[in-house]
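**Q** Take this structure, written in structure tokens, and hold onto it; I'll ask about it next.
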Amino acid sequence: MAIRSFLILFILFFFSSLNPILSLYEDQVGLVDWHQQYLGKVKQAVFHTHKTGRKRVVVSTEENVVASLDLRQGEIFWRHVLGSNDVIDGIDIALGKCHYPFIRRKYFESMESSRWADGVGIFSSGSKALKIITNLKIEKDNIVIIFSNGRLNAVSCIDGEVLWEKDFEGESLKVQQVIQPPGSNLIYVVGFVSSSLFEMYQINALNGELLKHESAAFSGGFLGEVSPVFSETVVALDSTGLILLTISFQNGKISFHQTPISNLVKDSFGPAKIITSSVTGIFAIKMNAVTIVIRVKDESKLEVVEKTNHETSISDALSISEGQQAFALVQHASHEIHLRVKLAHNWDDNLLKESVKMDQHRGLVHKVYINNYIRTDKSYGFRALIVMEDHSLLLLQQGEIVWSREDGLASIIDVTTSELPVERDGVSVAKVEHNLFEWLKGHMLKLKGTLMLASPQDVAAIQSMRLKNSEKSKMTRDHNGFRKLLIVLTRAGKLFALHTGDGHIVWSYLLQSLQKSKVCQHPIGLNLYKWQVPHHHAMDENPSVLVIGKCGPSSDAPGALSFVDTYTGKELSSLSLVHSVAQVIPLPYTDSTEQCLHLLIDADKHAHLYPKTPEAISTFEREFSNIYWYSVEDDNGIIKGHALRGKCTGEVADEVCFDTRELWSIVFPSESEKIIAIVTRKLNEVVHTQAKVIADQEVMYKYISRNLLFVATVALKGSVEIGSVTPEESWLVAYLIDTVTGRILHRVTHHGSQGPVHAVFSENWVVYHYFNLKAHRYEMSVIEIYDQSRADNKDVWKLVLGKHNLTSPISLYSRPDVITKSQSYFFTHSVKAIAVTSTTKGITSKQLLIGTIGDQVLALDKRFLDPRRTVNPTQAEKEEGIIPLTDSLPIIPQSYVTHALRVEGLRGIITVPAKLESTTLVFAHGVDLFFTQLAPSRTYDSLTDDFNYALLLITIVALLAAIFVTWTLSERKELQENWR
Amino acid sequence: MEKGKGIMGSGRRWAVDFSDNSTAPSSRDIPDPPGFARASVDQDDSTVSRQKKDAESNWKAQKAWEVAQAPFKNLLMMGFMMWMAGNTVHLFSIGITFSALWQPISALQGVGKVFEPYKDNKVDLLGPKLLFIALNLGGLALGVWKLNTLGLLPIHASDWVSSLPPAQEVEYSGGGIPL
């Protein structure tokens, strides 16, 4: 009995140690994970006035973030990330009762409500706001006047109540400016009706009463925007863009004054564009690359004060004292930027003139905001906040960059990884090797911690030692493959290399091919691919990545390629293509220098091979007949498959250009099905085995194909927002399509369901997430696909002797006999992204990584999405690891990968295998970045980082000593026995 | 097994030497007890030694049979241990199974050694040996059966295909929604 109970205890202990622990301990936070917060490109910045005593700036960004930054360090004081539908049009700080920024955002068509929370008043109003006026007072209440969506609203600052509103919508007026002369209670609203009629409304700001309404026609027509120069004068351009119009509406009388630009500047540079600024008496026009700053004297006299080829930005006016306005002018000259601060009425003198050295990889200055402070000698000092072309934000003060923020990282388009250099002589290694004493001291501390002898100071020291482990930010490859470079491409066209150890920026490079130029007006960065992955015989080469971009949003815009070395961050070469880029197909072939072959398909369905070397062409021609490609036209609901036909003919003839022909097409009925999601397997995914062993030693053969495409379509009515259709008129159809032959392997309809669909494809299964209208809940479904034609390989002897053809290459044209298994479950969250863990050999079990609506990443074991789950699994099935079926998927709070953090504005989750089979690296990006390591089946193949080697050593020494002592004792005793 | 060996070994050590040549009265310092006729003992010496030999061989044969049956107890013991260990694979059950496999094998390797003490011209050791071997084979079979119930014998197709890599596909295709 005693033995049995001992046994049970032993088994219990054994099993409890096997139970997977997914969660982290508090002191493990930050050991392998890092989290970075960003804002995005700043659209508008408002400084807290020095009267309020706060040294902060409030910014709104293109990523729909409102944040308050500390001016000393640039740290985020508070931040609000609004949804992608809530575009911020402007912010302002209202003085008086409410000190908080007002956010105008596109929301609903009409004025809806206002909300006061967390230091931000969010005022929901119509689209495209133009102007906020905040310095008006009625009795003790401050009112805020907001113009948006053709409507002028006055809102009380106390409770957000709408005091009055004036609608210009009905009068077909295209409002250009809302001007408030300083110190008066009047508001001017100016705009155009059709293209040649100028209208002016004068309104009493306190009660919304219309005081005057004038209009005047101008035969030449108007072009673009108007810039206010005085409180009752604006400047506009005529429709040709060659004549400047000064429009004055003093005392309600509208008068035009024309000044041809050719009168101001000798040589013509083509049509001009007005750069609006709020500086009194000053405006700027831009003609091609030339910027001309013009001063308006009196009512109509124009005078050129500056003409420059340098890229120029002008800040808004800042009133520094009674009647005095200052503004900043930033000019970009190769390695420097020149900042000048001037008074509006005195162009010739500079209040401030500074030159700041600027990193070339920040590009040009896009925006500048100034703020003043009073120096100790009572004179004015100025600080300037500048937004650069790469979306970074810098604060300049006294000729220096006080701080900078890489806010471009808030808008990542694509991510890839690169290995670090191998450690060897000549490779710079961070200061890692510390002396033996330090090492021993560290381990003694750890030992103390293990034996619970550590004082609180010691505990803190241990924790900081663990966090600052310099091993993890070393610049060389490690044995476990945890250290890598994350190469990210941002919307600004900048490449960053982030170290996976601690997230620091190793290098950054502003791609010239993705910058605005004469040939390419609107370059767009598209994708990143691994171009050269050296291993084996090409070890000495540096790895490189391929960046693909194109000029402009149209489908036939020419493409641009850049090749960037990932060790140095230097551009190796760049190509501007003559053809467009509609598809990029990385081929699974490499040349002798380990350059990956890529096939670029243009809009005319010609295939272009890169690299353009004879070797690549010969490799390609060997595999020519086996290469196919497919295109998904989601607008028309057609999927087409193509094969290559031969060298291009006609004018595009080229060695590396190939014609293609259409093989098959799948046309979805346009009235009932609309493609909303397609997913394929990840190209670099490794699958360990083709067999799945189920209960009772049975085998199922997975249908593993690289050429499977998951397509989800919804009914046309169901492709709108959730809640607007009834379950009867909405359905969702999921397809599995072979992209070589066009064969539909599986089709399933979910009635009463609708999108959005998020899906992930891995091995032989696909998991997708959608909304079930009937159950009013989100659902997740899994489809697993198995190859039935292999199922009769049951003869053990044949398998033992290897007399089977299970591993011989197969053609997809051999008709596969597949069966699918599927199951659906309810899921509580709506989902932003789904990914799956990936490991080097594909042996470790998989976890789904679900980006939830709360901007967190949840790890969900794939075993929960096993279509073989039943309510009462048999003993054999339980042993296999099948979980009893439940109607919904469990959300275990400990399995949030992001633990207490949030990856605001989550857009994508990327998993990269580490060299260690048990571990996968996870990178989640949105406005914030988050990185961590995951071990879905725990780290079964390594000791943990905090493994105490000193304890092990001491234990061994103690054991050896004990053995020695007992040995001598027993010797002595034996001798005595013998003497007896 | 241990016991058997013990019996056999110690048997040798304290075996009474019946052939003690103490018939010569001169060698004896102690006079014969009164009424003891030495001649009656000494009569028919050869018969006595033959009887002695017979008794020894009988005893050896008996012991050999005992030794040969010893693994049976072991078998029962093993069976009990296996029942205790259960059918799930863990450290304990694997340990028991492997000891159950190892013991018969090592015993079979040492069959000759085990029966060496009982080697005699007159004793037929074939029977005990066969029984010993049979019982040990039975133990081995029990071990293998246990191994099978644990699912550790590669006799299913699944054991041979579970690490087969997926078949390569000849065709390659790529694409998607136009960029």
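**Q** Can you figure out the FRET efficiency of A:S942 with B:N148, using R₀ = 45 Å and their beta-carbon distance, to the nearest 0.05?
**A** Taking R0 as 45 Å, the efficiency between A:S942 and B:N148 is 0.85.
**Q** Let me ask something additional. Let me have the 222 nm mean residue ellipticity of chain A computed from DSSP H runs of 4+ only, each contributing -39500 (n - 2.57), with the sum over all residues rounded to the nearest 500.
**A** -3000 deg cm²/dmol
**Q** Another question, if that's okay. Starting from the Cα of A:K878, draw a straight line to each of the aspartates and glutamates and keep only those under 12 Å, dropping any in the same chain fewer than 8 residues away.
**A** Candidates past the 8-residue exclusion: A:D696.
**Q** Continuing with this model, one more query. Kindly write out, for the range B:51-65 in residue order, the coupling ³J(HN,Hα) from the Karplus curve 6.51 cos²θ - 1.76 cosθ + 1.60 (θ = phi - 60°), rounded to whole Hz, with x marking Gly and Pro.
**A** Values, residue by residue: 4, 4, 4, 4, 4, 5, 5, 4, 4, 4, 5, 4, 5, 4, 5 Hz.
**Q** Here is a follow-up. So, counting K/R as plus one and D/E as minus one, what does the shell of residues with Cβ under 15 Å around A:P271 add up to?
**A** -1
**Q** Please state, to two decimals, what the Cα-based radius of gyration of the range B:52-155 comes to when divided by 2.2 N^0.38 Å (N = residues).
**A** That ratio works out to 1.29.
**Q** Here's something else I'd like to know. Quick one: if the Förster radius is 51 Å, what FRET efficiency do A:V796 and A:V667 give, using the C-beta to C-beta distance and rounding to 0.05?
**A** Efficiency computed from Cβ-Cβ geometry: 0.60.
**Q** Along the range A:601-611, what does the Karplus equation 6.51 cos²θ - 1.76 cosθ + 1.60 (θ = phi - 60°) give for ³J(HN,Hα), rounded to whole Hz, x for Gly and Pro?
**A** Rounded to whole hertz, the list is 9, 9, 5, 8, 6, 9, 9, 10, 9, 10, x.
**Q** Using the structure shown, list the pairs from A:K518/A:K570; A:K357/A:K474; A:K530/A:K915 with a Cα-Cα distance above 27 Å, or answer none.
**A** Those over the limit are A:K357/A:K474.
**Q** Let me ask another. Each residue of the range B:148-165 in turn: what ³J(HN,Hα) in whole Hz from Karplus with 6.51, -1.76, 1.60 and θ = phi - 60°, glycine and Pro shown as x?
**A** 5, 5, 6, x, 9, 9, x, 10, 9, 4, 4, 6, 9, 9, 5, 10, 6, x
**Q** Tell me which residues come under 5 Å, amide H to amide H, from A:Y701 once H is placed; ignore anything under 5 positions away on its chain.
**A** A:K692, A:D787
**Q** How much FRET efficiency would the formula 1/(1 + (r/R0)^6) give for A:I638 and A:Q258, where r is the Cβ-Cβ distance and R0 is 56 Å, rounded to 0.05?
**A** 0.55
**Q** Something else: Residues with amide H under 5 Å of A:I810's amide H, sequence separation 5 or more or different chain, H placed in the peptide plane at 1.01 Å from N; which?
**A** For A:I810, whose amide H was placed from the backbone, the distant partners under 5 Å are B:Q168, B:E169, B:V170.
**Q** Quantify how strongly other chains surround peptide A:585-596 by giving the mean number of their Cβ atoms within 10 Å of each of its Cβ atoms.
**A** Average neighbour count from other chains, rounded to a whole number: 1.
**Q** Per-residue mean of other chain beta-carbon atoms within 10 angstrom of the beta-carbon, peptide A:686-693?
**A** Taking the mean over all residues of the peptide, I get 5.
**Q** Let me ask you something else. Pull up all non-local amide H partners of A:H598: gap of 5 or more, or a different chain, and H-to-H distance under 5 Å with H placed in the peptide plane.
**A** A:L587, A:Y610
**Q** Ok, one more. Helix by helix, which DSSP H runs in chain A go 27 Å or more along their axis at the Cα atoms and have an average Kyte-Doolittle hydropathy of -0.5 or more?
**A** Answer set is A:949-979.
**Q** I need to check one value: relative contact order of chain A, counting alpha carbon pairs closer than 8 Å and at least 6 residues apart, in percent.
**A** With pairs under 8 Å counted, the relative contact order is 6 percent.
**Q** With the cut-off at 31 Å, tell me which of the pairs A:K647/A:K803; A:K702/A:K832; A:K301/A:K378; A:K674/A:K832 have Cα atoms farther apart than that.
**A** A:K647/A:K803; A:K301/A:K378
**Q** Below 15 angstrom from the Cβ of A:H642, what's the summed charge of the other residues (Lys, Arg +1; Asp, Glu -1)?
**A** -3
**Q** Moving on. Please compute the length gained on full extension between A:D654 and A:Q324, using 0.36 nm multiplied by the number of residues separating them and subtracting their Cα-Cα distance.
**A** 112.3 nm
**Q** Please compute the modelled spin-label separation between B:F80 and A:L467, points set 7 Å along Cα→Cβ, answer in nm with one decimal.
**A** Placing both labels 7 Å beyond Cα along the Cβ direction yields 6.0 nm.
**Q** On average, how many beta carbons from a partner chain sit within 10 Å of the beta carbon of a residue in A:812-819?
**A** Mean shielding by partner chains, rounded to a whole number: 1.
**Q** Quickly work out the A:L575-to-B:W65 label distance, labels modelled 7 Å from Cα along the C-beta direction, and quote it in nm with one decimal.
**A** 9.4
**Q** Right, next: How long are the semi-axes of the ellipsoid equivalent to the protein assembly as shown, from square roots of 5 times the Cα gyration tensor eigenvalues, in whole Å, largest first?
**A** The answer is 83, 36, 29 Å, longest axis first.
**Q** Here is a follow-up. Under a plain spin-label model, where a point goes 7 Å from the Cα along Cα-to-Cβ, how far apart in nm are A:T376 and B:W14?
**A** Reported label-point gap for A:T376 and B:W14 is 10.8 nm.
**Q** Give, in nm to one decimal, the length gained when the segment between A:E621 and A:T726 is fully stretched (0.36 nm per residue of separation minus the Cα-Cα distance).
**A** Taking A:E621 through A:T726 to full extension adds about 32.5 nm, to one decimal.
**Q** For every other residue with a beta carbon closer than 14 angstrom to the beta carbon of A:Q324, add +1 if it is Lys or Arg and -1 if Asp or Glu, then tell me the sum.
**A** Every neighbour counted, the sum reads -1.
Coordinate-derived values only; no laboratory data. Worth saying up front: this structure is predicted, and the values here are computed from it rather than measured. Neighbour counts are summed over all protein chains in view; Cβ atoms, including those assigned to glycine, are modelled from backbone coordinates with ideal geometry.
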